[in-house]
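What follows is a short report on a single structure.
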Amino acid sequence: MTTASFDTLGLAPQILKALAEFGYTTPTPIQAQAIPLVLEGRDLMAGAQTGTGKTAAFVLPLLQKLLPLASSSTSPARHPVRALILTPTRELAIQVEESVKVYAKHTALSSLVVFGGVDIKTQTPHLKTGVEILVATPGRLLDHIEQKTINLSQVQMLVLDEADRMLDMGFMPDLKRILALLPKQRQNLMFSATFSNEIKKLSDDFLTNPTLIEVARSNATSDNVTQKVYHVVQADKQALLIQILKNKYNNVNVSQVIIFTKTKLTASRLSRALEKEGIAADAIHGDKSQQERMAALVAFKAGKITTLVATDVAARGLDISDLPMVINYEIPSAPEDYVHRIGRTGRAGASGAAISLVSPDEEKYLVEIEKLIKHVITKEEAVIEKSANSYKSETKSPKEYGARESSHRVNRNDSSKQNDGNVRTPRYKVAHDPWFDKPYEPSNSAIKPVNPTRLMSKSKARVAALLGGFKKTD
Ligand code: AMP
(Lines give C-alpha, C1' and ligand atoms only; values in the text may rest on other atoms or scores of the structure.)
Protein backbone atom coordinates (compact mmCIF):
# COMPACT_ATOMS: atom_id res chain seq x y z
CA MET A 1 0.00 0.00 0.00
CA THR A 2 1.38 3.42 -0.84
CA THR A 3 0.01 6.66 0.48
CA ALA A 4 1.27 9.74 -1.24
CA SER A 5 0.94 12.18 1.62
CA PHE A 6 0.24 12.49 5.33
CA ASP A 7 -2.66 14.88 4.58
CA THR A 8 -5.00 12.02 3.71
CA LEU A 9 -4.52 10.11 6.96
CA GLY A 10 -6.79 12.19 9.17
CA LEU A 11 -4.12 13.95 11.21
CA ALA A 12 -4.70 17.42 12.67
CA PRO A 13 -3.01 20.51 11.15
CA GLN A 14 -0.78 20.94 14.25
CA ILE A 15 0.66 17.47 13.70
CA LEU A 16 0.98 17.90 9.94
CA LYS A 17 2.83 21.16 10.54
CA ALA A 18 5.40 19.44 12.76
CA LEU A 19 5.85 16.69 10.17
CA ALA A 20 6.36 19.21 7.39
CA GLU A 21 8.89 21.14 9.47
CA PHE A 22 10.72 17.93 10.17
CA GLY A 23 10.84 17.22 6.47
CA TYR A 24 8.54 14.22 6.32
CA THR A 25 6.34 14.28 3.26
CA THR A 26 5.33 10.69 2.61
CA PRO A 27 4.24 8.10 5.16
CA THR A 28 6.29 4.93 5.26
CA PRO A 29 4.32 1.69 4.65
CA ILE A 30 3.95 0.93 8.36
CA GLN A 31 2.69 4.46 8.97
CA ALA A 32 0.23 4.25 6.08
CA GLN A 33 -1.16 1.00 7.47
CA ALA A 34 -1.08 1.70 11.19
CA ILE A 35 -2.28 5.30 11.45
CA PRO A 36 -5.86 4.78 10.15
CA LEU A 37 -6.29 1.63 12.24
CA VAL A 38 -5.12 3.30 15.44
CA LEU A 39 -7.39 6.25 14.75
CA GLU A 40 -10.30 3.80 14.42
CA GLY A 41 -9.47 2.59 17.92
CA ARG A 42 -8.26 -0.88 16.94
CA ASP A 43 -5.72 -2.88 18.92
CA LEU A 44 -2.67 -3.56 16.77
CA MET A 45 -0.09 -6.26 16.51
CA ALA A 46 2.47 -4.76 14.18
CA GLY A 47 5.49 -6.52 12.74
CA ALA A 48 8.01 -3.85 11.94
CA GLN A 49 11.68 -3.46 12.54
CA THR A 50 13.42 -0.34 13.73
CA GLY A 51 14.15 1.73 10.66
CA THR A 52 10.73 1.33 9.09
CA GLY A 53 9.30 4.47 10.67
CA LYS A 54 7.43 2.48 13.32
CA THR A 55 7.82 5.14 16.01
CA ALA A 56 5.83 7.72 14.08
CA ALA A 57 3.38 4.94 13.16
CA PHE A 58 2.22 4.84 16.76
CA VAL A 59 3.14 8.31 18.01
CA LEU A 60 1.24 10.27 15.33
CA PRO A 61 -2.17 8.63 15.79
CA LEU A 62 -1.64 8.56 19.55
CA LEU A 63 -1.18 12.34 19.53
CA GLN A 64 -4.19 12.74 17.28
CA LYS A 65 -6.35 10.73 19.68
CA LEU A 66 -5.16 12.68 22.72
CA LEU A 67 -5.48 16.10 21.09
CA PRO A 68 -9.07 16.73 22.27
CA LEU A 69 -7.83 16.16 25.83
CA ALA A 70 -4.87 18.55 25.58
CA SER A 71 -5.03 21.31 28.14
CA SER A 72 -3.12 24.54 28.45
CA SER A 73 -3.80 24.62 32.19
CA THR A 74 -0.75 24.41 34.43
CA SER A 75 -2.61 22.28 36.96
CA PRO A 76 -1.06 18.80 37.13
CA ALA A 77 -4.57 17.37 37.56
CA ARG A 78 -5.31 18.44 33.97
CA HIS A 79 -2.35 16.46 32.66
CA PRO A 80 -2.78 12.85 33.79
CA VAL A 81 -0.80 10.12 32.04
CA ARG A 82 -3.09 9.11 29.18
CA ALA A 83 -0.65 7.16 27.02
CA LEU A 84 2.05 4.83 28.25
CA ILE A 85 4.82 3.72 25.90
CA LEU A 86 7.01 0.91 27.23
CA THR A 87 10.38 0.17 25.65
CA PRO A 88 13.03 -2.39 26.57
CA THR A 89 16.03 -0.05 26.73
CA ARG A 90 16.90 3.40 27.94
CA GLU A 91 18.23 4.47 24.58
CA LEU A 92 15.06 3.49 22.80
CA ALA A 93 12.96 5.20 25.47
CA ILE A 94 14.94 8.40 24.98
CA GLN A 95 14.64 8.26 21.21
CA VAL A 96 10.93 7.56 21.28
CA GLU A 97 10.31 10.45 23.64
CA GLU A 98 12.41 12.75 21.45
CA SER A 99 10.13 11.80 18.56
CA VAL A 100 7.04 12.49 20.68
CA LYS A 101 8.39 15.95 21.47
CA VAL A 102 9.07 16.69 17.80
CA TYR A 103 5.64 15.61 16.60
CA ALA A 104 3.80 17.21 19.55
CA LYS A 105 5.60 20.54 19.39
CA HIS A 106 2.56 22.47 18.13
CA THR A 107 0.16 20.84 20.58
CA ALA A 108 -0.39 21.32 24.31
CA LEU A 109 0.41 17.66 24.97
CA SER A 110 3.45 17.02 27.10
CA SER A 111 5.70 14.01 27.46
CA LEU A 112 8.37 12.61 29.72
CA VAL A 113 10.78 9.71 29.64
CA VAL A 114 11.73 7.70 32.73
CA PHE A 115 14.37 4.99 32.80
CA GLY A 116 16.74 3.38 35.24
CA GLY A 117 20.40 4.16 35.76
CA VAL A 118 19.78 7.72 36.84
CA ASP A 119 18.67 9.08 40.21
CA ILE A 120 14.94 8.47 40.49
CA LYS A 121 14.54 11.69 42.46
CA THR A 122 15.48 13.76 39.44
CA GLN A 123 12.49 12.35 37.54
CA THR A 124 9.89 12.85 40.24
CA PRO A 125 9.47 16.66 40.04
CA HIS A 126 8.84 16.41 36.29
CA LEU A 127 6.24 13.74 36.85
CA LYS A 128 4.52 15.91 39.43
CA THR A 129 3.90 18.65 36.89
CA GLY A 130 1.77 16.19 34.91
CA VAL A 131 2.42 14.61 31.50
CA GLU A 132 0.00 13.06 29.04
CA ILE A 133 2.52 10.79 27.36
CA LEU A 134 4.93 8.77 29.43
CA VAL A 135 7.72 6.75 27.84
CA ALA A 136 9.31 4.30 30.26
CA THR A 137 11.40 1.21 30.70
CA PRO A 138 9.49 -1.35 32.79
CA GLY A 139 11.79 -1.56 35.82
CA ARG A 140 11.95 2.16 36.48
CA LEU A 141 8.24 2.54 35.90
CA LEU A 142 7.60 -0.02 38.64
CA ASP A 143 9.97 1.88 40.95
CA HIS A 144 7.89 5.01 40.40
CA ILE A 145 4.67 3.08 40.92
CA GLU A 146 6.01 1.76 44.22
CA GLN A 147 7.03 5.25 45.29
CA LYS A 148 3.59 6.47 44.25
CA THR A 149 5.11 9.12 42.02
CA ILE A 150 3.12 7.91 39.03
CA ASN A 151 -0.59 7.42 38.68
CA LEU A 152 -1.67 5.25 35.77
CA SER A 153 -5.41 5.25 36.41
CA GLN A 154 -6.14 7.47 33.39
CA VAL A 155 -4.10 5.52 30.83
CA GLN A 156 -6.18 4.90 27.73
CA MET A 157 -3.46 3.93 25.29
CA LEU A 158 -0.64 1.48 25.81
CA VAL A 159 2.23 0.87 23.41
CA LEU A 160 4.62 -2.05 23.83
CA ASP A 161 7.54 -1.14 21.61
CA GLU A 162 10.00 -3.84 20.60
CA ALA A 163 7.94 -6.36 22.50
CA ASP A 164 10.12 -9.26 21.38
CA ARG A 165 13.13 -7.65 22.99
CA MET A 166 11.19 -7.01 26.18
CA LEU A 167 10.46 -10.72 26.42
CA ASP A 168 14.07 -11.62 25.59
CA MET A 169 15.21 -9.36 28.39
CA GLY A 170 12.94 -11.07 30.88
CA PHE A 171 10.48 -8.22 31.31
CA MET A 172 7.40 -10.44 31.20
CA PRO A 173 6.79 -10.42 34.98
CA ASP A 174 7.27 -6.63 35.06
CA LEU A 175 4.91 -6.21 32.12
CA LYS A 176 2.25 -8.31 33.82
CA ARG A 177 2.51 -6.21 36.98
CA ILE A 178 2.27 -2.97 35.03
CA LEU A 179 -0.61 -4.09 32.84
CA ALA A 180 -2.58 -5.19 35.90
CA LEU A 181 -2.44 -1.60 37.14
CA LEU A 182 -3.87 -0.05 33.98
CA PRO A 183 -7.57 0.58 33.33
CA LYS A 184 -9.16 -2.35 31.53
CA GLN A 185 -10.68 -0.07 28.91
CA ARG A 186 -7.76 0.97 26.78
CA GLN A 187 -6.26 0.65 23.32
CA ASN A 188 -3.18 -1.54 22.98
CA LEU A 189 -0.52 -1.34 20.30
CA MET A 190 2.24 -3.90 20.17
CA PHE A 191 5.29 -3.59 17.91
CA SER A 192 7.76 -6.38 17.38
CA ALA A 193 10.53 -6.97 14.87
CA THR A 194 10.21 -10.73 15.08
CA PHE A 195 7.28 -13.08 15.64
CA SER A 196 7.97 -15.88 18.04
CA ASN A 197 5.42 -18.09 19.73
CA GLU A 198 5.96 -16.09 22.92
CA ILE A 199 5.07 -12.90 21.06
CA LYS A 200 1.91 -14.50 19.74
CA LYS A 201 1.05 -15.55 23.29
CA LEU A 202 1.71 -12.04 24.61
CA SER A 203 -0.51 -10.67 21.88
CA ASP A 204 -3.28 -13.16 22.79
CA ASP A 205 -3.01 -12.21 26.46
CA PHE A 206 -2.93 -8.46 26.20
CA LEU A 207 -4.55 -7.39 22.95
CA THR A 208 -8.25 -7.38 22.22
CA ASN A 209 -9.15 -8.69 18.79
CA PRO A 210 -6.01 -7.14 17.30
CA THR A 211 -5.44 -6.32 13.66
CA LEU A 212 -2.20 -7.81 12.44
CA ILE A 213 -0.09 -5.66 10.18
CA GLU A 214 3.35 -6.37 8.87
CA VAL A 215 5.62 -4.35 6.66
CA ALA A 216 8.46 -6.72 6.07
CA ARG A 217 8.55 -10.48 6.23
CA SER A 218 9.03 -11.28 9.87
CA ASN A 219 12.58 -12.33 10.66
CA ALA A 220 13.67 -10.97 7.30
CA THR A 221 16.83 -9.02 6.78
CA SER A 222 16.71 -6.01 4.52
CA ASP A 223 17.61 -6.56 0.87
CA ASN A 224 19.60 -3.34 1.05
CA VAL A 225 22.16 -4.92 3.36
CA THR A 226 25.05 -6.85 1.85
CA GLN A 227 25.89 -9.61 4.29
CA LYS A 228 29.21 -11.34 4.52
CA VAL A 229 30.85 -13.83 6.85
CA TYR A 230 34.59 -14.02 7.42
CA HIS A 231 35.77 -17.29 8.89
CA VAL A 232 38.39 -16.50 11.48
CA VAL A 233 39.58 -18.11 14.68
CA GLN A 234 38.74 -16.20 17.83
CA ALA A 235 42.37 -15.35 18.46
CA ASP A 236 42.65 -13.53 15.14
CA LYS A 237 39.43 -11.58 15.31
CA GLN A 238 40.93 -8.47 16.78
CA ALA A 239 43.73 -8.29 14.22
CA LEU A 240 41.23 -8.82 11.41
CA LEU A 241 38.90 -6.20 12.81
CA ILE A 242 41.69 -3.66 13.01
CA GLN A 243 42.65 -4.40 9.41
CA ILE A 244 39.05 -3.89 8.35
CA LEU A 245 38.66 -0.68 10.34
CA LYS A 246 41.85 0.72 8.87
CA ASN A 247 40.49 0.00 5.43
CA LYS A 248 43.30 -2.43 4.86
CA TYR A 249 41.19 -5.45 4.21
CA ASN A 250 40.50 -6.26 0.57
CA ASN A 251 38.17 -3.62 -0.73
CA VAL A 252 36.15 -3.30 2.45
CA ASN A 253 35.64 0.38 3.09
CA VAL A 254 34.60 1.60 6.51
CA SER A 255 33.53 5.08 7.46
CA GLN A 256 31.30 4.56 10.49
CA VAL A 257 30.45 1.28 12.11
CA ILE A 258 28.75 -0.34 15.08
CA ILE A 259 30.56 -3.43 16.27
CA PHE A 260 28.55 -5.94 18.25
CA THR A 261 29.99 -8.10 20.98
CA LYS A 262 28.26 -10.64 23.16
CA THR A 263 29.43 -9.29 26.48
CA LYS A 264 29.98 -5.95 28.14
CA LEU A 265 33.48 -7.03 29.04
CA THR A 266 34.44 -7.71 25.44
CA ALA A 267 32.85 -4.44 24.35
CA SER A 268 34.94 -2.48 26.88
CA ARG A 269 38.19 -4.21 26.10
CA LEU A 270 37.73 -4.11 22.38
CA SER A 271 36.94 -0.43 22.37
CA ARG A 272 40.07 0.29 24.38
CA ALA A 273 42.17 -1.89 22.11
CA LEU A 274 40.84 -0.02 19.09
CA GLU A 275 41.58 3.31 20.69
CA LYS A 276 45.16 2.16 21.22
CA GLU A 277 45.31 1.53 17.49
CA GLY A 278 44.33 5.13 16.85
CA ILE A 279 40.74 4.29 15.95
CA ALA A 280 38.24 6.71 17.44
CA ALA A 281 36.07 4.23 19.31
CA ASP A 282 33.88 4.02 22.37
CA ALA A 283 31.80 1.33 23.98
CA ILE A 284 28.14 1.44 24.83
CA HIS A 285 26.87 -1.21 27.23
CA GLY A 286 24.96 -1.75 30.44
CA ASP A 287 27.87 -1.19 32.82
CA LYS A 288 28.35 2.33 31.56
CA SER A 289 26.46 5.11 33.23
CA GLN A 290 23.59 6.64 31.34
CA GLN A 291 25.68 9.78 30.92
CA GLU A 292 28.54 7.84 29.37
CA ARG A 293 26.21 5.96 27.04
CA MET A 294 24.60 9.15 25.87
CA ALA A 295 27.97 10.88 25.44
CA ALA A 296 29.20 7.99 23.29
CA LEU A 297 26.06 8.08 21.20
CA VAL A 298 26.21 11.84 20.73
CA ALA A 299 29.91 11.66 19.74
CA PHE A 300 29.13 8.86 17.30
CA LYS A 301 26.17 10.65 15.76
CA ALA A 302 28.29 13.78 15.39
CA GLY A 303 31.01 11.77 13.64
CA LYS A 304 33.49 12.48 16.42
CA ILE A 305 34.00 8.81 16.92
CA THR A 306 33.80 6.43 14.02
CA THR A 307 33.38 3.18 15.87
CA LEU A 308 30.88 2.22 18.51
CA VAL A 309 31.33 -1.13 20.21
CA ALA A 310 28.02 -2.26 21.63
CA THR A 311 26.22 -5.12 23.25
CA ASP A 312 22.82 -6.15 21.91
CA VAL A 313 20.95 -4.68 24.79
CA ALA A 314 22.60 -1.28 24.63
CA ALA A 315 22.31 -1.01 20.87
CA ARG A 316 18.71 -2.04 20.69
CA GLY A 317 16.60 0.61 19.06
CA LEU A 318 19.46 2.98 18.31
CA ASP A 319 18.44 5.10 15.40
CA ILE A 320 21.54 6.29 13.68
CA SER A 321 20.62 7.40 10.23
CA ASP A 322 22.89 6.47 7.35
CA LEU A 323 24.92 3.94 9.31
CA PRO A 324 26.81 2.22 6.50
CA MET A 325 28.13 -0.81 8.32
CA VAL A 326 27.59 -3.23 11.17
CA ILE A 327 30.23 -5.73 12.23
CA ASN A 328 29.43 -8.75 14.37
CA TYR A 329 32.63 -9.35 16.29
CA GLU A 330 30.84 -12.31 17.76
CA ILE A 331 27.65 -13.57 16.24
CA PRO A 332 24.69 -13.85 18.54
CA SER A 333 23.49 -17.18 19.85
CA ALA A 334 19.87 -16.07 19.41
CA PRO A 335 19.31 -15.78 15.66
CA GLU A 336 16.71 -13.01 16.09
CA ASP A 337 19.47 -10.81 17.49
CA TYR A 338 21.26 -11.05 14.17
CA VAL A 339 18.19 -9.60 12.46
CA HIS A 340 18.05 -6.79 14.99
CA ARG A 341 21.75 -6.05 14.74
CA ILE A 342 21.95 -5.79 11.02
CA GLY A 343 18.75 -3.77 11.02
CA ARG A 344 20.94 -0.88 12.25
CA THR A 345 22.20 -0.44 8.70
CA GLY A 346 20.52 -0.22 5.31
CA ARG A 347 17.69 1.82 6.76
CA ALA A 348 15.06 3.79 4.90
CA GLY A 349 16.22 2.47 1.53
CA ALA A 350 19.94 3.23 2.02
CA SER A 351 22.43 0.49 1.31
CA GLY A 352 24.45 -1.06 4.08
CA ALA A 353 26.95 -3.79 4.84
CA ALA A 354 26.96 -6.38 7.60
CA ILE A 355 30.15 -8.28 8.28
CA SER A 356 30.26 -11.18 10.71
CA LEU A 357 33.48 -12.60 12.09
CA VAL A 358 32.67 -16.22 12.71
CA SER A 359 34.93 -18.62 14.60
CA PRO A 360 34.55 -22.39 14.32
CA ASP A 361 32.79 -22.44 17.68
CA GLU A 362 30.17 -20.08 16.33
CA GLU A 363 29.30 -22.10 13.22
CA LYS A 364 26.28 -23.60 14.91
CA TYR A 365 24.78 -20.16 15.46
CA LEU A 366 25.42 -19.21 11.84
CA VAL A 367 23.42 -22.24 10.72
CA GLU A 368 20.46 -21.10 12.84
CA ILE A 369 20.73 -17.55 11.55
CA GLU A 370 20.65 -18.66 7.94
CA LYS A 371 17.64 -20.83 8.67
CA LEU A 372 15.83 -17.89 10.22
CA ILE A 373 16.60 -15.36 7.51
CA LYS A 374 16.17 -17.95 4.76
CA HIS A 375 19.30 -16.71 3.10
CA VAL A 376 22.75 -18.21 2.66
CA ILE A 377 25.32 -15.60 3.58
CA THR A 378 28.43 -15.24 1.41
CA LYS A 379 31.44 -16.66 3.24
CA GLU A 380 35.13 -16.12 2.93
CA GLU A 381 38.21 -17.37 4.76
CA ALA A 382 39.83 -14.38 6.44
CA VAL A 383 43.48 -13.69 5.70
CA ILE A 384 45.14 -11.86 8.56
CA GLU A 385 48.16 -9.71 7.97
CA LYS A 386 50.11 -9.65 11.18
CA SER A 387 52.32 -6.76 12.00
CA ALA A 388 55.32 -7.29 14.27
CA ASN A 389 53.52 -6.09 17.38
CA SER A 390 50.27 -7.98 16.81
CA TYR A 391 49.00 -10.44 19.34
CA LYS A 392 50.45 -13.88 19.06
CA SER A 393 48.67 -17.07 19.82
CA GLU A 394 50.28 -19.88 18.00
CA THR A 395 49.09 -23.16 19.48
CA LYS A 396 46.98 -25.34 17.23
CA SER A 397 43.60 -26.28 18.49
CA PRO A 398 42.40 -29.67 17.32
CA LYS A 399 38.91 -28.67 18.41
CA GLU A 400 38.87 -25.61 16.19
CA TYR A 401 40.54 -27.49 13.41
CA GLY A 402 37.91 -30.21 13.50
CA ALA A 403 35.00 -27.83 13.75
CA ARG A 404 36.17 -25.85 10.77
CA GLU A 405 36.96 -28.89 8.72
CA SER A 406 33.58 -30.41 9.24
CA SER A 407 31.68 -27.45 7.92
CA HIS A 408 33.92 -25.63 5.48
CA ARG A 409 36.32 -25.92 2.67
CA VAL A 410 39.78 -25.70 4.12
CA ASN A 411 43.21 -25.42 2.69
CA ARG A 412 45.42 -27.49 4.92
CA ASN A 413 48.49 -26.56 2.99
CA ASP A 414 47.95 -22.97 3.77
CA SER A 415 51.29 -21.48 4.53
CA SER A 416 51.92 -18.92 7.20
CA LYS A 417 54.24 -17.10 4.81
CA GLN A 418 52.81 -15.82 1.62
CA ASN A 419 55.05 -14.88 -1.27
CA ASP A 420 54.01 -11.25 -0.99
CA GLY A 421 56.26 -11.03 2.05
CA ASN A 422 53.43 -10.49 4.54
CA VAL A 423 53.53 -12.78 7.50
CA ARG A 424 50.13 -14.39 7.81
CA THR A 425 48.97 -16.34 10.77
CA PRO A 426 48.50 -20.06 10.52
CA ARG A 427 44.78 -20.76 10.30
CA TYR A 428 44.34 -23.07 13.24
CA LYS A 429 45.01 -21.78 16.66
CA VAL A 430 43.50 -21.96 20.09
CA ALA A 431 40.28 -20.12 20.63
CA HIS A 432 42.10 -17.95 23.07
CA ASP A 433 43.01 -14.34 22.91
CA PRO A 434 45.63 -13.05 25.30
CA TRP A 435 43.94 -9.68 25.43
CA PHE A 436 40.62 -11.11 26.43
CA ASP A 437 42.08 -13.47 28.99
CA LYS A 438 43.27 -10.63 31.18
CA PRO A 439 41.10 -10.04 34.22
CA TYR A 440 38.90 -7.02 33.73
CA GLU A 441 40.10 -3.91 35.47
CA PRO A 442 38.08 -0.88 34.51
CA SER A 443 40.52 1.82 33.58
CA ASN A 444 39.91 5.41 34.51
CA SER A 445 39.01 6.11 30.93
CA ALA A 446 36.31 3.45 31.07
CA ILE A 447 34.58 5.01 34.02
CA LYS A 448 35.07 8.66 33.19
CA PRO A 449 32.45 10.29 31.00
CA VAL A 450 33.55 10.24 27.39
CA ASN A 451 35.24 13.35 26.25
CA PRO A 452 34.90 13.46 22.49
CA THR A 453 37.41 16.28 22.22
CA ARG A 454 40.02 14.17 23.91
CA LEU A 455 39.30 11.31 21.57
CA MET A 456 39.51 13.59 18.61
CA SER A 457 42.74 15.27 19.52
CA LYS A 458 44.40 11.96 20.25
CA SER A 459 43.52 10.22 17.13
CA LYS A 460 42.12 12.75 14.72
CA ALA A 461 45.04 12.96 12.36
CA ARG A 462 45.52 9.24 12.07
CA VAL A 463 41.84 8.49 11.87
CA ALA A 464 41.27 11.06 9.19
CA ALA A 465 44.04 9.53 7.18
CA LEU A 466 43.01 5.95 7.78
CA LEU A 467 39.27 6.18 7.49
CA GLY A 468 38.47 7.53 4.09
CA GLY A 469 34.89 8.63 4.75
CA PHE A 470 35.64 10.41 7.98
CA LYS A 471 34.41 13.96 8.19
CA LYS A 472 36.13 16.50 10.36
CA THR A 473 33.69 18.31 12.55
CA ASP A 474 35.83 21.04 13.97
P1 AMP B 1 11.95 4.19 13.35
O2 AMP B 1 11.63 2.92 12.61
O3 AMP B 1 10.77 4.75 14.04
O4 AMP B 1 13.13 4.01 14.25
O5 AMP B 1 12.36 5.30 12.25
C6 AMP B 1 13.45 5.15 11.42
C7 AMP B 1 13.92 6.44 10.81
O8 AMP B 1 13.03 6.87 9.78
C9 AMP B 1 13.99 7.60 11.79
O10 AMP B 1 15.21 8.28 11.56
C11 AMP B 1 12.83 8.47 11.44
O12 AMP B 1 13.12 9.80 11.76
C13 AMP B 1 12.70 8.24 9.95
N14 AMP B 1 11.30 8.40 9.46
C15 AMP B 1 10.19 7.96 10.05
N16 AMP B 1 9.10 8.26 9.31
C17 AMP B 1 9.54 8.88 8.22
C18 AMP B 1 8.89 9.43 7.05
N19 AMP B 1 7.57 9.35 6.87
N20 AMP B 1 9.66 10.00 6.12
C21 AMP B 1 11.00 10.05 6.28
N22 AMP B 1 11.68 9.56 7.34
C23 AMP B 1 10.96 8.97 8.29
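The values are calculated or read from the model by the stated rules, or taken from the named source; none is laboratory data. If you're wondering where the values come from, they're calculated on a predicted model, not measured in any experiment. Here the Cβ positions follow ideal geometry from the backbone for every residue, glycine too, while neighbour counts run over all protein chains shown. Calculation scope for accessible area: heavy atoms of the full protein, side chains included, ligands and nucleic acids excluded. Shrake-Rupley method; radii C 1.70, N 1.55, O 1.52, S 1.80 Å.
Could I have the simple spin-label model distance between Lys121 and Ser72, label points 7 Å from Cα toward Cβ, reported in nm to one decimal?
3.7 nm
Can you list the residues, at least 5 places off or on another chain, whose amide H is less than 5 Å from the amide H of Val159, using H built in the peptide plane?
Leu84, Ile85, Leu86, Leu189
May I ask you to give the solvent-accessible area per residue for the stretch 95-246, in square angstrom, as obtained with a 1.4 angstrom probe?
Numbers: 6130 Å² over 152 residues.
With the other protein chains kept in place, the stretch 95-246 gives 40 Å² per residue.
Return the whole-Å distance between the Cα centroid of the stretch 34-70 and the Cα centroid of the stretch 107-138.
The distance from the Cα centre of the stretch 34-70 to that of the stretch 107-138 comes to 20 Å.
Between Glu98 and Thr129, what length in nm is gained on full extension when 0.36 nm per residue of separation is reduced by their alpha carbon distance? Don't skip to the answer; put the middle values down first.
Values: separation 31, 0.36 × 31 = 11.16 nm, distance 1.86 nm.
Gain on stretching Glu98 to Thr129: 9.3 nm.
Quick one: length gained pulling Thr378 to Ala334 fully straight, 0.36 nm per residue minus the C-alpha distance? Don't jump to the answer; show the numbers that get you there.
Numbers: separation 44, 0.36 × 44 = 15.84 nm, distance 1.99 nm.
Length difference between fully extended and current span is 13.8 nm.
Tell me, in nm to one decimal, what length is gained between Glu214 and Ser351 on full extension, where the rule is 0.36 nm per residue of separation less the Cα-Cα distance? If you can, show how the numbers build up before the last one.
Working: separation 137, 0.36 × 137 = 49.32 nm, distance 2.16 nm.
Between Glu214 and Ser351, full extension yields 47.2 nm more.
Considering only protein heavy atoms and a 1.4 Å probe, what is the carbon-and-sulfur percentage of the accessible area of the stretch 6-214?
Details: 4440 of 8370 Å².
Answer for the stretch 6-214: carbon and sulfur cover 53 percent of the accessible area.
Got a number for the accessible area of Glu91? Probe 1.4 Å, square angstrom, nearest 10.
Here the accessible area works out near 0 Å².
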